[in-house]
Amino acid sequence: MSKGLLIVVSGPSGTGKGTVCAELLSKTPQLAYSISATTRQPRDGEMDGKNYYFLSKEEFERKIGEGDFLEYAEVYGNYYGTPLGKIEERRAAGQDILLEIDTQGALNVMKRCPDGLFIFLLPPSLPELERRIRGRGSETEESLKRRLGSAREEIEIGRQYTFVVINDTVQRAVERIKSIMTAEHCRRDKEDMINEVLEK
Ligand code: ADP
Ligand code: 5GP
């Protein structure tokens, strides 16, 4: 069995990563989501152990010290990190894993896991990005300004990713990511597929 894919999705806050990843997961039962840890407060409806592992700053810093994270970053004044968990063991068993993380974290994963598929989710335009963040209604005016202020810089980082996917509609963005996954499986599994046919 060939190794599972490590799919890393990033993009500016409000571009629709959470929405697109949730839809992708619901349509792709063989894909496992890596639940991140964070020190930010849960939003309405978010659950510990489902959306994030919500930790105190002290707990998070202890875990950093113990080497428990594949990567971590400070984003808008809070820590966010990917628990190492058993990511490599699960991939070795053929499991595809999805990480939804910020660009600093993704650049670190590029160094540690260069075989990852790095997908940058792009909003159709900057005014549409602002409409989406405002529409979500989760940010204070100050936090919204901070997020919009760093959007241009973050989009520049998208140039370093393997793929860019525009989130114009959720369905189209999900289809694009699914196509990337299918193409990548066809490429990486070619030896196994050929051997299987020849051995039959
Ligand atoms: P992120 O996880 O990147 O911060 P969210 O998934 O929370 O972004 O989406 C931000 C807002 O934009 C939400 O209100 C969501 O419903 C909306 N949204 C996401 N994708 C689209 C889309 N393709 N078209 C219109 N609105 C969208
Ligand atoms: P939010 O607070 O809107 O849920 O997330 C803020 C930012 O943190 C988003 O860009 C999100 O992708 C990023 N993020 C979520 N989990 C992780 C993680 O484990 N590591 C890193 N580096 N960023 C993360």
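Just wondering, is there one or more residues in the range 31-43 that are in contact with a Pro (Cβ under 7 Å, 6 or more places away or on another chain) and either without any contact (Cβ under 8 Å) to a residue 12 or more places away in the chain or crowded, with 16+ Cβ neighbours inside 10 Å (or both)? For the range 31-43, residues in contact with a Pro (Cβ under 7 Å, 6 or more places away or on another chain) and either without any contact (Cβ under 8 Å) to a residue 12 or more places away in the chain or crowded, with 16+ Cβ neighbours inside 10 Å (or both): present.
Of all the residues in the range 97-116, those that are within 12 Å of ligand 2 (Cβ to nearest atom) and assigned to a loop (DSSP other than H, G, I, E, B) number 2. Reported count of residues in the range 9-23, each being in contact with a Leu (Cβ under 7 Å, 6 or more places away or on another chain) and either in a loop (DSSP other than H, G, I, E, B) or more than 10 Å from ligand 2 (Cβ to nearest atom) (or both), is 6. Every condition in (1) surrounded by fewer than 16 Cβ atoms within 10 Å (Cβ to Cβ); (2) in contact (Cβ under 8 Å) with a residue 12 or more places away in the chain; (3) more than 9 Å from ligand 2 (Cβ to nearest atom) holds for Leu6 except the one numbered (1). Inspect all residues belonging to the range 54-68 and state whether any of them is without any contact (Cβ under 8 Å) to a residue 12 or more places away in the chain, small (Gly, Ala, Ser) and away from ligand 1 (no atom under 12 Å from the Cβ). Yes, there is a match, as at least one residue in the range 54-68 is without any contact (Cβ under 8 Å) to a residue 12 or more places away in the chain, small (Gly, Ala, Ser) and away from ligand 1 (no atom under 12 Å from the Cβ).
Residues that are closer than 22 Å to Gly4 by Cβ number at least 2 in the following strands (runs of 3 or more DSSP E) confined to the range 31-89: 31-33, 36-38, 69-75, 78-83.
Just one of Arg146, Arg136, Arg112 is surrounded by fewer than 17 Cβ atoms within 10 Å (Cβ to Cβ) and within 29 Å of Ala183 (Cα to Cα); which is it? Within the list Arg146, Arg136, Arg112, the selection yields Arg112.
Screening Ser138 on (1) in a loop (DSSP other than H, G, I, E, B); (2) more than 15 Å from ligand 2 (Cβ to nearest atom) shows it passes everything except condition (2). Here Ala92 clears all of (1) within 16 Å of ligand 2 (Cβ to nearest atom); (2) in contact (Cβ under 8 Å) with a residue 40 or more places away in the chain; (3) among the small types (Gly, Ala, Ser) except the condition numbered (1).
Each value in this text was obtained by applying a stated rule to the coordinates, not by laboratory testing. In this text, all values refer to a predicted model and were calculated from it rather than measured experimentally. When we count neighbours, we look across all protein chains shown, and the Cβ atoms used for this are built from the backbone with ideal geometry, even at glycine.
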